Each structure stands twice: as C-alpha cells, then as structure tokens.
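Okay, structure first, notes after.
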Amino acid sequence: MASTIHCDIVSAEAEIYSGEATMVVVPGEEGELGITPRHAPLLTRLVPGQVRVIVPDSDEELFYYISGGLLEIQPHVVTVLSDTAQRASDLDEAAAVKAKEEAERAIHDRTAGMEVAQAQAQLAEAMAQLAALDRLRKQLKR
C-alpha cells in the first residue's frame, strides 16, 4: 500500500471530502502546491481554483472547485478550508460561462456598476470553475 495523507476539504456549509490521498494539489497564492505524506507543516492562503486529490491504489483523481481559503498542512493531515467548495461534477457550466462573460464585459466597459477588482475576482472564480470542469471531462475520456 502506498504512503498516504489524510485530506479534509471543508466549505462553510459542509464537509466536501474526507479521506486518504497519496497527493493533494491546491492553488496557492504563489502557484500550485503539491502535498504528499510527511509534508512540512504549513499554513497558507489559497486562491480560487481546483483541488486535485489523488486516491491511493488507483489512477483516480478527484476534482473540487474552491473559491479560495486557507490550507493547513500537518505531517499526516492536510485541511482545505474554503467559503465555497464544490465537487467539479456539481458545477454549473452555463452559470460559470455567464459569470465569465459578465466579468469580462465589466472589465472592458469600466462604466458598468461593478468595480474592476470585483470583476477580476469574479473572472478568476469563473475561470477556475471552467478549468475544473475541463479537467474532469478529460479524466472521464480516459
């Protein structure tokens, strides 16, 4: 059996995932972080993006979308805390595409009611949702 680390992904509403993983990949502020068993302790902020959980003893990867949040790593436990966390399969692609278009329009047309920083944050979240859906589709084609 491969060495594992316990992973918890928690949103403000519910626990989304709790189980063992051989690796967890999260979107950190400075880039993607890959967490494996016995990783050094760490506390850092996360940006909107996808979390990948590589399941032990299989080629399966689980994909989740987070809106940002915090990551806590202990040698045998990794915890992702996010205001919003969803399974990639539960994301609404049409809503993500609409949010992306609205954010791009607000950034381009600065006279819109939305602040540029707010539009950029909305764009980042929509792009992260679409990327999670795209990666899920690619995995299902295997």
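Bear in mind these aren't lab numbers, they're just calculated from the coordinates by the rules spelled out. Just so it is clear, the structure is predicted and the values come from calculations on it, not from any experiment. Please note: Cβ atoms are built from the backbone with ideal geometry, for glycine as well, and neighbour counts cover all protein chains shown.
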Measuring from the longest principal axis of the C-alpha atoms of the chain, the long axis of helix 116-141 (C-alpha) lies at a number of degrees, nearest 10, equal to 50
Helix 93-108 sits off the longest principal axis of the Cα atoms of the chain, rounded to the nearest 10 on a 0 to 90 degree scale, by 50
For the chain, inverting the pair-averaged 1/r of distinct alpha-carbon atoms gives a Kirkwood value in Å of 15.7
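Rounded to the nearest 20 debye, what is the charge dipole size of the chain about its Cα centre when +1 sits on each Lys and Arg Cβ and -1 on each Asp and Glu Cβ?
340
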On the formula 1/(1 + (r/R0)^6), with r taken between the Cβ atoms of residue 45 and residue 116 and R0 of 35 Å, the FRET efficiency rounded to 0.05 is 0.95
In terms of the charge dipole of the range 5-87, which places +1 on Lys and Arg and -1 on Asp and Glu at the beta carbon, the residue among 36, 18, 56 farthest towards the positive end is 36
Here, residue 101 and residue 61, labelled 7 Å along Cα→Cβ, have an inter-label distance in nm of 2.9
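Starting from the Kirkwood Rh over alpha-carbon pairs, what translational D in µm² s⁻¹ does the range 5-87 have by Stokes-Einstein at 4 °C and 1.567 mPa s?
The Stokes-Einstein estimate is 106 µm²/s.
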